[in-house]
Every structure is written in structure tokens, then in C-alpha cells.
Amino acid sequence: MSADMKTRAPRGGMLVDGLAQVGDCGLFLLNMLGAIPRSLRHLREISRQIWFVGAMSLVIIMISGLFVGMVLALQLYYTLSIFGGTAALGTVVALSLYRELGPVITALLFAGRAGTAMTAEIGLMRATDQLAAMEMMAVDPIAFVATPRFLAGVIAMPLLANVFSLLGLLGAHLVGVTWLGVDNGTFWSNMTSNVDVWKDIVNGTWKALAFGVVVSLIAVFQGYTAPPTSEGVAYATTRTVVFASIVVLALDFVMTAFLM
Amino acid sequence: MNPRRSFAAGTGLFILLGFAALAYLATQTSSVANFSSGPTYDVVAQFDNVGSLKDRAPVKVAGVRVGSVKSIQLDNQSMEAKVTLAIDTRYNDIPDDSFAKIMTSGLLGDQFVALSPGGSPDVLKNGSRIINTQSAMQLEDLIGKFLVGGSSPAKASSAGAAGGKSGG
Amino acid sequence: MPIEAVADALVEVRDLTTLLSGKAVFDGLSLDIPRGKVTAVMGPSGTGKTTLLKHITGQMRPDRGTLRVDGQNVPTLGREALYALRERIGYLFQNSALLTDYDVFENVAFPLRQHARLPEVLLRNIVLTKLQAVGLRGAARLMPSELSGGMARRVALARAIVFDPMLILYDEPFVGLDPIALNQVLKLIRTLNRTLGITSILVAHEFAAVRQVADLVHLIANGRCVASGTPEQLARGESDWTRQFFGGEADGPVPFQYPAGDYATALGFTGAAA
């Protein structure tokens, strides 16, 4: 009876499975990096993917950035006014955006908007034999499908994060200066004397780049290894969001501790 | 092919926009914005204590930015801080008896050098020295003055001496 | 059964053995695919017909045995050689596998764009010629999602022949087609073979359709080639295999029941009875 019911022997616990996945993911990354020279022949495909993952995410990034900046200004104005320090509003908003919120929120939104799209698209390409068809047409799907999407994500993320920060600043200016009456000159001059290009803006951009790498890697990997069924693709899409979010937040902590 | 062209153009536009955002943030919202683009002339002022004044802090006249702090060094003879101010050549008729003061913008704000114009017919030139200076207001001194101010004139005057070096 | 060596075989399979998760899909399979003919590979479901196609294209490697395509032993080929070989093989997927991002024209143009730097005019002419051959020149600007199953398969066929391959592999080309579309595909297979002399391997279940185009049929079961011959020979074949497969009997060498334990035991009747 039990022999009839038995389906599949569990091979090791969840820990082993998890480690195996991380290992597979690492190997997959090496594969993709190795395929970069061949991918460069598909520049048109890379550019198309930058359009899909980057430009198509612009609207959500800009709207979110604007609102995050606005709410940040409201909250910080309230807190700063307790200490009579509303002159520092511009500085605090700018630093929060450049160093943390810009890269992190952009990465989370990017995982939800572009990452899931990548996973679902590649998963469906697998399920409908498109990847096998490429193999058969002597086109390496890693070089043609995986690497261009990965590169596009890596390129698009820092750009999106900067757009997010810029719109956030705009939102904060709108609320802080136009609405709450912080002096325009103070807002900017306090910011310009406290924000450092290298320490704040460039380091924030590095962070965004690193997040671009992990989110794109997870999304492409999940899509590429998704079981070729509608259920499998659905699970893979969910996993992309969950894993990408956790890894981004954890990596953010590590990078902040070591980099800044 | 048309659709492919428009993809490429859109992608280019997106990349351009991203870099424009980065360029704007880097040049307009950071300390890079404080590097005046035009030519400047250097003026030296000595302070007892510069507090937390930093390189590239703004130099203002009547609240208007006219230059920035170029360097802060310790003068070995006088054991005072020697601050070099780079002032935009556009502002070339600041009287040479102007008064340099280290001030704080707001309670938590950063420190900057404020120049209060004097009445001299001569103006500051490259290499000029500002005689009249007032050091950074130290919060501790201020509190000390406040607490013991009325009862102990000796203390108050010493705090005042530490804080000001006017007349020199 | 012993195979008669074909004088001019494009594909030569010898003693092919493949294990998939411990189960032998092929157990010493040997067969020949003659050059310039249409050969059908038939057999019960799950006998690895698609796996055989994947071996021919090197997408899967067997555990033992040799498989020569035009003299090259595919399992030993490196990546470059394998890709060079694949450029000379057309593969028609069961579900067409058109690239959903591109329209019909770009799908057919895809292999050309990837492997040949052609002037746009020449490329356009080649693609339109191939589309004309499958009767879909007018559909060049449609997206794959706008095509019916039969049309998608014809587009996939145009894509498969865009490089004028020496060999085309058809994986279940008749599944899910209405009679009209089925006859169109049959006509195309025949035309491509007769006019261009392209060797064709056909994996299919529909004997009625197969006998209209195939010159030779291999029947695979239990990991071996159990019968070979012209469709007429096999239809009249006297072995158990041919009788069950071509006569369409439910039980025979392929049992109706999936292997299972004793029925009475499974229902729980053993204890009391014994």
C-alpha cells in the first residue's frame, strides 16, 4: 500500500535544497557572464530589453518617487520642527533618498514590475519550446534570452534609482517649500553643503547597481529554471518577488555597513 | 524596420534620461554645486576657532552666496586657524575692512562664513587679509555664558574674549 | 530484429542506450534513416520518439552507442560543431514554438539574422519566398498570437527551411489539426521532400496520414526498433507489435494495465481470504 502511494523520496532537507538552489544560481550567473561576449552580438536585443525593463518601469518609478518624496518631506518636517531644524529638510530628504530609499524602493518596485515580467516571459518561452527552438536554430538561449535581460536589468536599475531620487526631491520640494513654507534658498543651500557626490550619490548608485544585479539574476534564473507548466511559471514569478525582496534588503544592510 | 528603430530610440532616450537625472543630482544637489564655475580670488582670514566649518562651506554677504571656503589650516606661529576664502571675481568691491563671522544656519544647520561689509574705500583683492573676524559660536560657551553670565563678570568676559577677536 | 544496412544513410543509429531517471528509454536501438526519403518513426506513447529527435540534434546525449548524422558522431560533438550541424537541420516543434515577441516575418527571418549578414533586400526576398512556399506570404505582419494552430505550424515550417536544410525533423506535425490543415501540412512535407530532396524524419501517431507521405516506417517499442518497412509492409505485418499498433488493439505487447501490485491486495481483500 505504502509502496503504491509513495511518490518521490525526499532528498535531504530544505536546507540542502536551498543551498543547491543558491549553487545553481551562482553557476547560472557564471554561465551568463561567460555568454556576455556572444550576447554583445545581440545588441539590438539588449536595447529592446532595456526598453522593456527600464523605460516601461519609468512611470511607476516616477509616481512612486514623487509620493515617497512628498511623504518624506511631511514626516521629516514634523520631526525636524520639534528641534527647530526645518532648515535641514532638504539635506535629510536628499540623504535619505540617495543613500537608502532611492536604491531600495526602486529595487523592490523593479522586482515587482520588471522582475516578474522577466520570469514569466522566460518561463513561458521555456514552456512553449521557444528556448528549445532557439537551441535548434543554433542560437544559444543563454546568450540571446538570459544575458540580454540580465544586462538590461543591471543597466536600467541605477538609472531608475536616480530618476526615483530626482522625483523624490521634487516631491519633497513641492511639499516642503511650496506647501509648508521652508525657505527655498535654505532648502537647496543646506542640501548642497551637506550632500557629497562620492559618499552619497555615487555610493547610492553602486547600491542600485548591486541591487540590479541580484534582482535581474533572480528573475532570469527563476524564469529559466521554472517547470514548463502554467503552475510552475506562476510559482516562479512569486518566488522572484519574495527572494528578490529579501536579498535586496539583506544586501542593503551589508552594503550600508561596509560601504558607507 | 520601423518598430525596431523606435525601440532603439526609446531605449536611447531612457538611458539619456537616467544619466541626466544622475548628472542633475550630482551637480545641482551636492557640494559640487558649491564649486563656483567662474574665476575666483583668494582672501585669508584668521580665526581663534573655526568650530565645525568645513572646506567648500559657503561664504555669504547679506545672505547671498559669493564664494566658498577653499582651505582651513593651522597657522603655526599664532596657533590660529587660517581660512582661505575663494570669492567669485564678480564680487570685486567688498570693502577691505569687512567683518568675517562664522555663523550657523539654523540650530542644526551647517556653518558658513558671513562677511559684513565695512566702510573702507579700498576693496578686498587677491591675497588680502581680513582683519576683523569673529570665531564660531561654541554651544558650550554659549550655555556657560547663559548660566553664569550675570553673577560672574570675569567668566563672562573670558567667554567673550574666546568668542570674539574683534578690533585686533 | 536485424536491420538491413541502407546504402546511403543520412542518420545511422547504432546500439543507442539512454537512461532517464533510471529507466531505459532506449535499450540498444539501431536504425537507419535513408537520404532523400521521408521516414516515419512510430510507436506507443512514451517510447522516446521525441527523445530520439533530441539525440539527433544533440539536445540530449545518450548513455551509450553512436549516432551519426552525415558521418558525424553527434554525442561526441563540441558546442561549435553541434551548432554548425544544427544550422543544417530544420526542426518542427509540436507546438510550433514561434517566438512570441516577433511577427511572422521576423520569426522566419530569425535564423538568417542570427547566422548570416545579408543585405535587407536579399533577406526579405528569401523570407517572402519561404512564406510563399507555405502559402502565408500575406500573413507576414501578423503576430504569432493571431495565427491558428495550422498556420503557426506552417510558419514554423517556413522558419525550419529558411536555411535550406539537409534534414527536417517533424515532431508530431499532425496533432490538433483539422482535416484541411492536416492535408496542407501533408502536402508541404511531400513537396519539400520531392522538390528539394530534403530528408525528412516524421514522428507521428496517425498511421493514415503517415502512409500518405512516408517511404519507410520504423516502429519503436521497449527501447528497440521492432519493425521496419514501407507503410504497406507494416500494415500487413504479422508480428504482435505490428498487429497491435497498426490494428489498433487495446491489449497486446503493450498492456492495457499499467504495472501494479495484485489487484485484490490493493483493495484490501487479502488478509481475510488467506
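The values are calculated or read from the model by the stated rules, or taken from the named source; none is laboratory data. Because the structure is a prediction, the values reported are computed rather than measured. FYI the Cβ positions are ideal-geometry reconstructions off the backbone, even for glycines, and counts take in every protein chain you see. For the accessible areas, the whole protein counts, side chains as well, though only heavy atoms, and no ligand, DNA or RNA atoms are used. Shrake-Rupley method; radii C 1.70, N 1.55, O 1.52, S 1.80 Å.
Report the label-to-label distance for B:M79 and A:M56 in nanometres (one decimal), using points 7 Å from each Cα along the Cα→Cβ vector.
Those two pseudo-labels are separated by 7.0 nm.
Counting other C-beta atoms within 10 Å, and keeping those with at most 16, which DSSP coil trypsin sites (Lys or Arg not before Pro) do you find in region C:191-270?
Hits after loop and neighbour filter: C:R236.
Below 8 Å, C-alpha to C-alpha, sequence gap of six or more: please give me the relative contact order for chain C in percent. Kindly include the intermediate steps, with their values, before the conclusion.
On the way: 458 pairs, mean separation 63.5, N = 274.
It comes to 23 percent, rounded to a whole number.
Hey, got the average number of other protein chain Cβ atoms within 10 angstrom for residues in C:93-100? Walk me through the intermediate numbers first.
Details: counts 6, 1, 5, 4, 10, 4, 8, 5.
That average works out to 5.
For the pairing of chain A with chain B, what total accessible surface becomes buried, with a 1.4 angstrom probe, in square angstrom to the nearest 100? Please list the in-between numbers first.
Details: alone 13710 and 10670 Å², together 21790 Å².
Interface between A and B: roughly 2600 Å².
Using modelled backbone amide H atoms (1.01 Å from N, in-plane), which distant-in-sequence or interchain residues come within less than 5 Å of C:N73's amide H?
Those qualifying (amide H under 5 Å, at least 5 residues apart or on another chain) number zero.
Going by accessible area, probe 1.4 Å, with all protein chains left in place, what is the ranking of A:W206, A:W188, A:W198, largest first?
Working: A:W206 140, A:W188 70, A:W198 180 Å².
Reading off the accessible areas and sorting them downward yields A:W198, A:W206, A:W188.
Where the accessible area of region A:52-259 is counted over protein heavy atoms with a 1.4 Å probe, how much of it, in %, is carbon and sulfur? It would help to have the intermediate numbers written out before the result.
Values: 5600 of 7490 Å².
Its accessible area is 75 percent carbon and sulfur atoms.
Quick query: amide H of C:L98 versus all other amide H atoms, modeled in the peptide plane; which residues come in under 5 Å with a sequence gap of 5 or more or a different chain?
none
Two-decimal Rg/Rh of region C:9-236 from alpha-carbon positions, Kirkwood Rh?
Numbers: Rg = 17.5 Å, Rh = 18.1 Å.
Taking Rg over the Kirkwood Rh, I get 0.97.
Over the protein assembly as shown, with the other protein chains present, what is the accessible area per residue in square angstrom, probe 1.4 angstrom?
Working: 33630 Å² over 702 residues.
With the other protein chains kept in place, the protein assembly as shown gives 48 Å² per residue.
Could you run the Karplus curve 6.51 cos²θ - 1.76 cosθ + 1.60 with θ = phi - 60° over region C:142-151 and give me ³J(HN,Hα) per residue in whole Hz, x for Gly and Pro?
For region C:142-151, the Karplus-derived couplings read 7, 8, x, 5, 8, 9, 7, x, x, 5 Hz, x marking Gly and Pro.
To the nearest 0.05, how large is the calculated FRET efficiency for A:L249 and C:D178 if R₀ is 45 Å and r is the Cβ-Cβ distance?
Numbers: r = 54 Å, r/R0 = 1.19.
According to the calculation, E is roughly 0.25.
How many Å² of accessible surface get buried when A and C come together, counting both sides, probe radius 1.4 Å, rounded to the nearest 100? All intermediate terms of the calculation are to be shown ahead of the outcome.
Working: alone 13710 and 13970 Å², together 25740 Å².
Roughly 1900 Å² of accessible surface disappears when A and C pair.
Sketch the reach of a paramagnetic label on C:A81 as a point 7 Å from Cα along Cα-to-Cβ, and name the residues of region C:37-67 whose backbone nitrogen lies under 18 Å away.
Hits in region C:37-67 for C:A81 at 18 Å: C:55-67.
If each of C:E249 and C:T265 carries a label point 7 Å out from its Cα toward its Cβ, how far apart are those two points in nm?
2.9
Using the beta-carbon distance between C:L19 and A:E231 and R0 = 45 Å, what value does 1/(1 + (r/R0)^6) give for FRET efficiency, to the nearest 0.05?
Working: r = 28 Å, r/R0 = 0.61.
Efficiency, from the Cβ-Cβ distance: 0.95.
Which value, in Å² rounded to 10, gives the accessible area of A:T178 with a 1.4 Å probe and all protein chains present?
100
Just to verify a number: what accessible area does A:M191 come out at with the full protein assembly present, 1.4 Å probe, Å² rounded to tens?
Ignoring ligands and nucleic acids, A:M191 comes out at about 0 Å².
Work out Dmax and Rg for region A:52-259 from the C-alpha atoms and quote the Rg first, both in angstrom.
Cα radius of gyration and Dmax of region A:52-259 are 19.8, 69 Å respectively.
B:I72 to A:R38: FRET efficiency via 1/(1 + (r/R0)^6), r the Cβ-Cβ distance, R0 45 Å, to the nearest 0.05?
Working: r = 55 Å, r/R0 = 1.21.
Between B:I72 and A:R38 the formula returns 0.25.
Mind listing the phi-derived Karplus ³J(HN,Hα) values for region A:161-170, rounded to whole Hz, using 6.51, -1.76 and 1.60 with θ = phi - 60°, and x for any glycine or proline?
Rounded to whole hertz, the list is 4, 5, 4, 4, 4, 4, 5, x, 4, 4.
Over the protein assembly as shown, with a single point scatterer placed on each C-alpha, what log10 of the ratio I(q)/I(0) does the Debye formula yield at q = 0.06, 0.08 1/Å?
Per q value, in the given order, log10 I(q)/I(0) is -0.56, -0.78.
Pick from A:G223, A:G171, A:G115: which residue has the top mean-square fluctuation in a GNM of chain A where Cα pairs under 10 Å get a spring?
Residue with maximal mean-square fluctuation among A:G223, A:G171, A:G115: A:G171.
Roll a 1.4 angstrom probe over the protein heavy atoms and tell me the percent of accessible area of region C:9-236 that is carbon or sulfur. Spell out each step's value before the answer.
On the way: 4600 of 9110 Å².
Taking all protein chains in place, region C:9-236 shows 51 percent carbon and sulfur surface.
Check which residues have an amide H placed less than 5 Å from C:A227's amide H, if you skip close sequence neighbours.
C:L219
What share of Cα pairs, in percent, lie more than 21 angstrom apart in region C:138-274?
Numbers: 5318 of 9316 pairs.
Pairs farther apart than 21 Å: 57 percent.
Ignoring ligands, DNA and RNA, how do B:K54, C:K187, C:K49 rank by accessible area with a 1.4 Å probe, largest first? Don't jump to the answer; show the numbers that get you there.
Details: B:K54 105, C:K187 125, C:K49 10 Å².
From most exposed to least exposed: C:K187, B:K54, C:K49.
Enter the mean number of other protein chain beta carbons within 10 Å of the beta carbon of each residue in C:24-36, as an integer.
Working: counts 0, 0, 0, 0, 0, 0, 0, 0, 0, 0, 0, 0, 0.
Mean partner-chain Cβ count within 10 Å for C:24-36: 0.
For the pair A:M14/C:T129, report the inter-label distance in nm, with labels modelled 7 Å from Cα in the Cβ direction.
6.0
Sorted by accessible area with a 1.4 angstrom probe, largest first, how do C:T265, A:T256 fall?
On the way: C:T265 65, A:T256 45 Å².
Ranking C:T265, A:T256 by accessible area, largest first, yields C:T265, A:T256.
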